[in-house]
Structure formats: C-alpha cells, structure tokens
Amino acid sequence: MNSDYINIALADDDEDDRLFFTEAFEELKIKSKVLLFKDGVELMEYLNGADRTLPNLLFLDLNMPKKSGLECLKEIKDTKQLRDMAIAIYSTSASEEDIENTFVKGANVYIKKPNDFEKLKKVLSEVVTTNWQYHTSGLNKDNFLLRL
Amino acid sequence: MPTPSSRYLRTAFLVGLFVILCIGGFMYKHISELSQTSQEVEDNYELRSELELLISNLKDAEIGQRGYLLTSDSLFLNPYQESLNKIQNNLTALDTLIIPKGGQVEKLKVLKVDIAKRFENFDKSFTLTNEDNTILTQELLFSLHEGEIRMDRIREDIIEMLRLEQSLLTEHQKINEKKIGLTPLFFYGLLIVTLVILLLAYLKMTSDLRALKESNTELDVFEKLTKQSEIVSDSSTWVWYIEENEFEFSDNLYRLVGEEPQSFEPTLENFYKYVHEEDLDNLGQQVNTMMREEELPFTNFRVVHKDGTIRHLKAFSKLMDDAQGVKTMLGVTVDATNEVENYRIIEQRNQELERTNKELSAFNYVASHDLQEPLRKIQTFLSRLESKEKDRISESGKDYIQRMKSASARMRMLIEDLLQYSRTNTSEKEYIKTNMNMLLEDAQAELFDSIEEKQAKIICDELPTMDVVSFQIQQLFINLISNSLKYSREGVPPIIEITHQEVLSREVNQIKNSLYKYHHKITFKDNGIGFDQVYADKIFLLFNRLHGKSEYSGTGIGLAICKKIVENHKGIIIAKGEPNIGATFTIYLPFLK
C-alpha cells in the first residue's frame, strides 16, 4: 500500500459520470487512485472480499440497479471493519428525503452532481482535501449538503 | 293527575252545588216564616171573635141574672149557667190565641181576675134575693151597681188586649215584611252568581272541547305529515310495547322491505324474513341486546325484497317511560342505501385520488431525477467542449455552444420551476405560527446577489406573525421580489415597498364575502416597467408571459406559484400595473383575532 496515494472509490452505474469523475481527478493533479464500481453489488463484493485495499473515501451514487446506494450505506455502517470509512453521497437529486435518510444512516457529506465540469472539479477537491476523521465531530444536518 | 281545567270544573260544580243548597235552605226558612205570619193573622181574628163572644156571653149571663132577679124564676138561671160554661171555654181558647209577648199574658190574667170578680158579684146578688122577691134592697142595688162597674172594667180589659194584640201583630208583620222584602233580592243575587258560575263552567267546557278538537285535528295532520315525510325521506317508525311484547310498524316500514302497508303481522319473526341472511345473526344479536338493555344503538343491515333488490337499512331506538310508568321502545328505521352507496363512491374516489397523487409524486421524481440527469450531462459535456476543445472549435462553433448552453440552462430552470409548482400542490403542509419578518429576511438573503447587482432598495413595514407554511411564504416573497428586480426599468434602481395593515374583510370589495372577519393586507409595490391592467389576471396563469424570452428571462411559472401559495393559505393575490410606472401586488391573508 502506497501511503502517498489517496484511495478513492466511486460506485455509479452511469458511464458518463464515471468518465467525468476520473477525468476530474486526472486534471486535479491529486495523487489518487480511483476505483470504479458499476453497481452496489460489485462494490460490496469488493469491500467484503479478502485482501482488498480499503478506500479512504467512498463516493456513493444513490440510484443504482441491483443494490442502491442507500442499501450499501446501511451495510457498510453495519459492518465493523468498514464503519470508519468516510462516505460522500454523490447523487443527481437533492431531495429532502434522500438527504435526511443518508444523514441519519451516517454518511459524511452529500454532493449534488454539478452540471459544470469546473464546478465538479472544485467540489471533488474540496471533499478530498477535507480531513473527515476530524470533520465528523462538527457534522450537522445544515452543513451536510455541500454547497459551493 | 287532574289538569287545571278539570280542577276548575270541579270547583265550579262544588260552588254551584253549595249555592243551590243555600237557596233551598233559605227558601224553606222563608216559606215557614210566611206561614207563621199568616197563622198569626188568623189567630188574631180568632182572638177578636173569641173576645167578642166572651163579651156577648157575659151579657147573656147578665141578662139571665137580671131575669132571675126580677122574677126569681129559676128558669133564668139556665142561660146564666150556660154562658158561664161558655165563658170558661172562651178563656181556655184565649190562652192559646194570644201572642205571649209585651205583657199580653199579664193582661189576660187581669181579665180572668176581673171576670172572676164579676161572677163573685153575680153570686152575691143571688144571695140577696132570697127573702123578698119584690123589694129591691139597698144592698142589691149596690151590688148591681158594682156589677156594672166590673162589666165596664172587663170591656176596658178586652179593648186593651185587642189593641195590644193588634200592635204586636203589626210589629210582627213589619219585621216579616222587612225579611221578606230582603230575601228575594238575596235569592236573586245568589241565583245570578250560580248562573254566572254555570256560564263560566259552560264556556270553559266549550273552549276545552274546542281545544281538544283542535289538537285532535293537529294530531291528525301530524300523523298524515309523518306518513308523508316517511315516504319522502325513506324512513319509518315502529313501537315495541315491552309489557305486552307487541310491535307496531308504520306503513313505510312495510314499503322499506318492499311490501304493501300492513300486509303482514308486525312481529319480529315476520320482519326477519326480509333480512339478508348474512346480516341475520348480527341483527338478531342486536335485537336481543335491545330487549335486554332496552336501547338499540345504530344498527346497519340489509334487506332483500321479493324481487331480489337489496337495500341497506339503518335502525335506532330509545326507551320511553310515560307518566304511568308504561315502557315503550320507539324506533326509527331508515333506508341508508344512498348513504352507503355514496360512501362507497367517495371511498372509490379517494382511492383514485390517492393513486393519482402517487402517480404525481412518481412524476415529480422522474422530473427531478431522470429528466435532470441527461440535461446535466449535456451541460457538463458542453463545459468539457468549451474548455478542453477550445482551440479546435471555430468561432461559429463556439457561438452554437453558447446557444446550446443558454437553451439547456433554460430547460433546467423550467424543470426546477415546474417542480416547485407541483411541490406547492402536493407537499405536506404544516401551518406553524411564524414571524413573517424572518421569512422576508431569509428571502432577501437568498436574493442578495441580484439585489446588490441591481442596487435595489427594499423598504418594509413590520410584518405580522401568523400560521403559515413557512417555506411557501418564503418562496412567495422570493418570487415577488425577484419579479420586481427582473422587471425593473433600465437605468432606474428598483425600489420595492412592502407594507402591511390589518383590514376588516367587509370593507374590501374582493374579500367582503370571506368567512373570516379580518385579513392581513401585504403589498409589494415597485417602480419597474409595470404592465397594462388588461393583463392583471393573465399574469398569474401558468406559462403565461408578457414579454419575449430574449428581453426578460423567465418561465412564466413564478407568479403562478405565488397564486398557488396564497390560495393554499386561503388568501387572494391581486395585481395592479401601470406601464412604465410600476406594479403592485396585494396579498390578503385571512386570520383570526
């Protein structure tokens, strides 16, 4: 394991979004390793598998086939080894219901997918550079949804 | 319990009876007094004749005495003896004939004494004649003289007696006349009183009879009306006489089970024949409970007519005690088929509505999520093209990209506004007491950038605190202020005046028929481009715009949302505009004091 790299994972069924995501990290020049998963099942199989590198930060889309982001979130928080992983919700919608649910289940931040590439880069760099271990203590529902 | 009228009649009867008895008593007394008076008059006459007889008898005795004294013939002594006896009888008769009053008895005694003395005189004169019949002796002469005096005294006595008797009689007659003179008046009065009482009783009785007759007629009318109203309202009544365990069904109850009135014996068994077999058990139980607890709560059951029609009936009854303690159950049975049917329809519609609402929220989700996703990608790819491929795109290509960008931005705005509009319809509304000043401040904070940009000035009154859905009212303020900012005049910094006052509903034309007495009137007045008053109502319609897209950006949804929000709060919103002077939006929100 190379500690210089920040391990990032994204679970999103949308190919275009995965493309934007990786391209954004490439342009951000952050030393990072991005792991991509097409759905919740694939993600959980990896996380529960032996000999895996646990990501430092997981970006989780909510609306996915087979297993939704919300289900993944619940499973992760129910698993002792995975519980401490920082989780950013990465979704198209920002409905009150989704925000409420994910906050209650223990996600660290809620990102509404931006409609501008430059904005996306800004958001991702903000999230990646935040020390979530430290930030958690000050977490509340009002700053849960990331606004830039 | 006797009614007041029967008590009155009884009193009248008793008083009448008493008066008649009084009259009878007085009549009897009066007649006996009358007969007593005539007896007295008769007695008076007899007394007179008796006294005259007495005088004549005395004279007879005197004649007999004189004859004997002259002739010494004892033959003359016979009439003397005879008149002596007669006088004795006369005196005995007088004892009973005199009125024993005013000294008359004493006078009679004096008379008797004088008569006795006269006879003593007679006897003395007889003894003086024995020796010589021819010679009138001195002594005899003296005796005769004395006899004469005695006779005079007797006459005087008699005259005295007669006079007294006469005066006593006159006195009695006077008293009686007085009495007799008063009694007819008294009788007459009593009679009048009795007649009046009888007349009153008669009037009372006739008026009672009339009232009875009237109430009988009323009862008759009422019965007919009940029958009519039962038919019209599809209801019926029944009575259960608990002690006799007998039922009485009204005509319409027969009709409710599809039969002719009174076509079968009103018993429970006969009624059960019409009850739907699935409801029979339940109804039976309810009726058993009713017989035990003497009350029937609302009970629903179905009946099946002979032709197979099924009707829903509803029964209810209550116990009634009358004054004599006789218990009867009074029941009402109503045809509730329409009610049940309506309820079913409403339930169906509710389900439909619920389904539509679900569909609507599903649409909301699709609109918010699925429609926004491809749009977001188009926008992101455009931004990629713009930055990454910047050097390889021609000028016209860059122009196309700009146009695509503004078109997609507009589409995003439309989607977001539409969502907002549908949210004002469907989202859960919680009315919470909120200080509206806070909402206005929040709205201004939200619009901070455009307010700065336009150098707008917002002047506002103190706003009230009221029960509102806070995020909606905030949205309302945002939409109205941004509307004013958007339609400001070129080169004129917008001034928005927000004023508030409480108004009486009846004093404002548009809300005078409101159910609420008071309204909050909140006005947003600006100095923007305004609009022609002709369009005052149109601007609140969905997708309605007064200006071209290139002049002023906008979706034509903002004011429609405003209207919706105000209507959600049972208020109204009115627009007033003057081209190039400004627009005024007035909101009336009802409240309770």
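The values are calculated or read from the model by the stated rules, or taken from the named source; none is laboratory data. All values derive from a computational prediction rather than experimental measurement. For neighbour counting, all protein chains shown are included, and Cβ atoms are generated from backbone atoms with ideal geometry for every residue, glycine included.
Restricted to segment B:434-528, the set of helices (runs of 4 or more DSSP H) holding at least 2 residues that are assigned by TED's automatic domain parsing to the domain that holds B:Gly571 and charged (D, E, K, R) comprises B:436-446, B:448-454.
Scanning segment A:106-118 for residues that are surrounded by 16 or more Cβ atoms within 10 Å (Cβ to Cβ) and free of Cβ contacts under 8 Å to residues at least 40 places away in the same chain yields a count of 7. Residues in segment B:371-380 that are more than 8 Å from chain A (Cβ to nearest Cβ) and surrounded by 14 or more Cβ atoms within 10 Å (Cβ to Cβ): B:Leu371, B:Ile378. With respect to (1) in contact (Cβ under 8 Å) with a residue 12 or more places away in the chain; (2) assigned to a helix (DSSP H, G or I), the lone exception for B:Ser215 is condition (1). Selection of segment B:220-252 for residues being in a helix (DSSP H, G or I), over 23 Å from B:Leu319 (Cβ atoms) and of a type outside the set (S, T, N, Q) yields B:Asp220, B:Val221, B:Lys224, B:Leu225, B:Lys227, B:Ile231, B:Val232, B:Asp251.
Regarding B:Ile197, is this residue surrounded by fewer than 14 Cβ atoms within 10 Å (Cβ to Cβ) and either closer than 30 Å to B:Glu52 by Cβ or hydrophobic (A, V, I, L, M, F, W, C) (or both)? When the stated conditions are applied, B:Ile197 does not pass them. Scanning segment B:188-222 for residues that are farther than 29 Å from B:Met27 by Cβ and of a type in the set (A, V, I, L, M) gives B:Leu209, B:Ala211, B:Leu212, B:Leu219, B:Val221.
Is it the case that some residue within segment A:60-67 is within 14 Å of chain B (Cβ to nearest Cβ), within 25 Å of B:Thr380 (Cβ to Cβ), of a type in the set (D, E, K, R) and touching an Asp or Glu at 6+ places or on another chain (Cβ under 7 Å)? Yes, that holds for at least one residue.
Filtered by the rule that a residue be within 18 Å of B:Thr337 (Cα to Cα) and either among the acidic types (Asp, Glu) or touching an Asp or Glu at 6+ places or on another chain (Cβ under 7 Å) (or both), segment B:259-293 gives B:Glu259, B:Glu277, B:Glu278, B:Asp279. Of all the residues in segment B:554-579, those that are under 18 Å from B:Tyr487 (Cα atoms), in contact (Cβ under 8 Å) with a residue 24 or more places away in the chain and outside any helix (DSSP H, G or I) number 9.
Within segment B:424-465, the set of residues being over 30 Å from B:Lys593 (Cα atoms) and surrounded by fewer than 13 Cβ atoms within 10 Å (Cβ to Cβ) comprises B:Ala445, B:Phe448, B:Asp449, B:Glu452, B:Glu453, B:Gln455, B:Lys457. Checked against (1) surrounded by 15 or more Cβ atoms within 10 Å (Cβ to Cβ); (2) within 14 Å of chain B (Cβ to nearest Cβ); (3) part of a helix (DSSP H, G or I), A:Asp13 meets all criteria but (3).
Can you confirm whether segment B:413-423 contains a residue that is surrounded by 15 or more Cβ atoms within 10 Å (Cβ to Cβ) and without any contact (Cβ under 8 Å) to a residue 12 or more places away in the chain? Yes, some residue in segment B:413-423 is surrounded by 15 or more Cβ atoms within 10 Å (Cβ to Cβ) and without any contact (Cβ under 8 Å) to a residue 12 or more places away in the chain. Being closer than 25 Å to B:Ser229 by Cα, out of contact with any strand residue (DSSP E or B) (no Cβ under 6 Å at 6 or more places or on another chain), assigned to a helix (DSSP H, G or I) and among the charged types (D, E, K, R) narrows it down to one residue among B:Arg255, B:Arg292; which is it? After applying the criteria, what remains is B:Arg255. Reported count of residues in segment B:470-506, each being among the aliphatic types (A, V, I, L, M) and free of Cβ contacts under 8 Å to residues at least 60 places away in the same chain, is 8.
Among the residues making up segment A:54-91, those that are farther than 20 Å from A:Phe21 by Cα and part of a loop (DSSP other than H, G, I, E, B) are A:Lys66, A:Lys67, A:Thr79, A:Lys80, A:Gln81, A:Leu82, A:Arg83, A:Asp84. Taking the numbered list (1) at pLDDT below 80; (2) farther than 20 Å from A:Phe25 by Cα; (3) within 14 Å of chain B (Cβ to nearest Cβ) in turn, A:Asp98 passes all entries but (1).
A Cβ distance below 6 Å, combined with a sequence gap of six or more or placement on separate chains, defines the contacts here; from segment A:8-33, residues that are free of Cβ contacts under 8 Å to residues at least 60 places away in the same chain reach residues that are assigned to a strand (DSSP E or B) in the pairs A:Ala9/A:Leu35; A:Ala9/A:Leu58; A:Arg18/A:Leu36; A:Thr22/A:Val34; A:Lys33/A:Asn7.
Residues in segment B:81-101 that are modelled with pLDDT under 80 and either of a type in the set (Phe, Trp, Tyr) or assigned to a helix (DSSP H, G or I) (or both): 1 in all.
Scanning segment B:381-405 for residues that are among the charged types (D, E, K, R) and either away from chain A (no Cβ under 13 Å) or outside any helix (DSSP H, G or I) (or both) yields a total of 7. Of all residues in segment A:116-127, at least one satisfies being away from chain B (no Cβ under 14 Å) and of a type outside the set (A, V, I, L, M). Given the criteria within 14 Å of chain A (Cβ to nearest Cβ), more than 30 Å from A:Thr22 (Cβ to Cβ), modelled with pLDDT under 85 and over 60 Å from the mean Cα position of the chain (by Cα), does B:Ala362 qualify? Taking the combined requirement at face value, the residue satisfies it. Only one of B:Gly24, B:Gly64 is in a helix (DSSP H, G or I) and either in contact with a Ser or Thr (Cβ under 9 Å, 6 or more places away or on another chain) or of a type in the set (Ser, Thr, Tyr) (or both); which? Of B:Gly24, B:Gly64, the one residue that is in a helix (DSSP H, G or I) and either in contact with a Ser or Thr (Cβ under 9 Å, 6 or more places away or on another chain) or of a type in the set (Ser, Thr, Tyr) (or both) is B:Gly64.
Would you call B:Ser49 surrounded by fewer than 17 Cβ atoms within 10 Å (Cβ to Cβ), among the hydroxyl-bearing types (Ser, Thr, Tyr), over 23 Å from B:Glu148 (Cβ atoms) and at pLDDT below 85? Against the criterion (surrounded by fewer than 17 Cβ atoms within 10 Å (Cβ to Cβ), among the hydroxyl-bearing types (Ser, Thr, Tyr), over 23 Å from B:Glu148 (Cβ atoms) and at pLDDT below 85), B:Ser49 does not qualify. I'd like the residue in segment B:507-521 that is of a type in the set (Lys, Arg) and in contact (Cβ under 8 Å) with a residue 60 or more places away in the chain and, out of all such residues, is surrounded by the fewest Cβ atoms within 10 Å (Cβ to Cβ). Among residues in segment B:507-521 that are of a type in the set (Lys, Arg) and in contact (Cβ under 8 Å) with a residue 60 or more places away in the chain, the one surrounded by the fewest Cβ atoms within 10 Å (Cβ to Cβ) is B:Lys517.
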